[in-house]
Amino acid sequence: MMKSRLYATVGVLTLTTIFVFGALIPLVNALCLPLFGLGLGWLVVKTPETGWLEIVLWCAVVVLGFFIAIYRPEGFHYPIAWETSAMHEGGLPFTLHMNFSKLLGGILVIIWLLTVYSNNSIARPLHESILITAASVFVMLLIANVFFDVGWQPKISEGLGLFVLVNLGITVLSEEAFFRLLIQDRMTSFFSNPTIGMWVAGIFTSVLFAFAHSTTINKTWLLFFIAGAIYSAVFAYTQRFSMALAVHFGVNLMHFIFLRYPIST
C-alpha cells in the first residue's frame with residue numbers, strides 16, 4: 001500500500017511539472033505541492049499517539065494545503081472552461097475556471113488519507129446513506145430559496161456539461177478531500193471523546209468552508225456556513241466519503257439548474 005501511494009505521488013508531482021511548463025499552475029504552488037505530499041505522508045506513517053507536535057504539524061499541513069488551493073499571484077489566471085455574461089435574465093456574469101492547483105492538492109489528500117479513513121470508519125448502510133444525502137440536498141436548496149432569497153430560476157445552460165466535469169472533477173473532489181479527510185476526520189481523532197470531537201470538527205470545518213467562499217461575514221457567508229455544516233453532518237453520519245462528494249455536488253448541480261446562479265458574495 002505504501003509503495004502504491006509513493007508511485008501515485010510521483011505521478012502527481014510529474015503532472016505538476018508538466019502543468020508548470022504549460023503555465024497551468026503558478027510556480028509557487030508547484031513548489032509547495034511536494035512539501036504538502038510529504039506532510040500528508042507523515043500523517044500516515046507517524047506513531048498513533050496524539051501530541052502537541054502532531055497537532056502543530058497537522059496545522060502546518062492544513063495551512064499549506066489551503067495556500068495551494070487559494071493562492072494566485074498577480075497576473076496569473078487559471079484556464080477558463082466556460083464563461084457567460086449571464087445565465088438568465090438579471091443574472092450575474094459567471095466564469096468557470098479550472099483550478100489545477102486545488103485539483104493536484106486534493107488528489108494528494110485522497111492518495112494518502114482515503115484508505116486510512118476507510119479502514120477506520122464503520123459506514124452506514126448504503127440505502128440509508130443515499131436517502132440522507134438526497135434529503136440533505138433538498139433541505140439545503142430549500143433553505144437557500146426560502147431564507148436567503150436565492151430565487152427559483154430553472155434553466156438548462158449550454159455550459160452544463162462543462163460545469164459537471166469541472167465542478168465534480170475539480171472543485172467538489174478537492175474541497176471534500178481537504179475539508180473531510182484532512183481536517184474533519186483528523187480533528188475528530190484528536191479528541192478522546194468522539195462526540196465532542198465530531199461537534200468541534202464539524203463546526204470548525206463549516207466556518208473554514210464559509211471563509212473559503214466568502215471573506216466577509218454577511219448573509220452569503222452564513223449560507224455557505226450552513227452548506228458546510230450540512231456536508232459535514234452527512235459525512236459524520238454516513239461515515240462515507242462518497243456521500244460527502246454526493247451531497248456537495250448535488251447541491252451545486254441543483255443550484256446551477258434550478259436556482260439563481262451565481263450568487264453574489
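Here are the numbers:
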item: Mean Kyte hydropathy of 1.6 or more with a Cα span along the axis of at least 20 Å, helices from DSSP in the chain; result: 27-45, 52-70, 126-147
item: Dipole moment magnitude, nearest 20 debye, the chain about Cα centre, only Lys, Arg, Asp, Glu C-beta charged; result: 340
item: Globularity ratio of the range 2-258, using Cα Rg and 2.2 N^0.38 Å; result: 1.02
item: Charge dipole of the chain about the Cα centre (unit charges at C-beta), most positive-ward option of 195, 178, 159; result: 195
item: Under 28 Å, Cα to Cα: Lys pairs in the chain, sequence gap 8 or more or different chains; result: 5
item: Compactness index (Cα Rg / 2.2 N^0.38 Å), the range 1-126; result: 1.29
item: Interchain or long-range residues, amide H under 5 Å from residue 82's placed H; result: 96
item: Calculated log₁₀ intensity ratio I(q)/I(0) where the Debye formula runs over C-alpha points of the range 125-237, q = 0.10, 0.11, 0.20 Å⁻¹; result: -0.35, -0.42, -1.28
item: Alpha carbon centroid spacing (whole Å) that separates the range 68-125 from the range 202-265; result: 13
item: Top of 157, 136, 101 by mean-square fluctuation, Gaussian network on the chain, Cα under 10 Å; result: 157
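Readers should treat all values here as calculations from the given coordinates under stated rules, not as data from a laboratory. Please read all numbers here as calculations on a predicted model, not as lab measurements. Every residue, glycine as well, gets a Cβ built from its backbone with ideal geometry; the counts of neighbours run over all protein chains shown.
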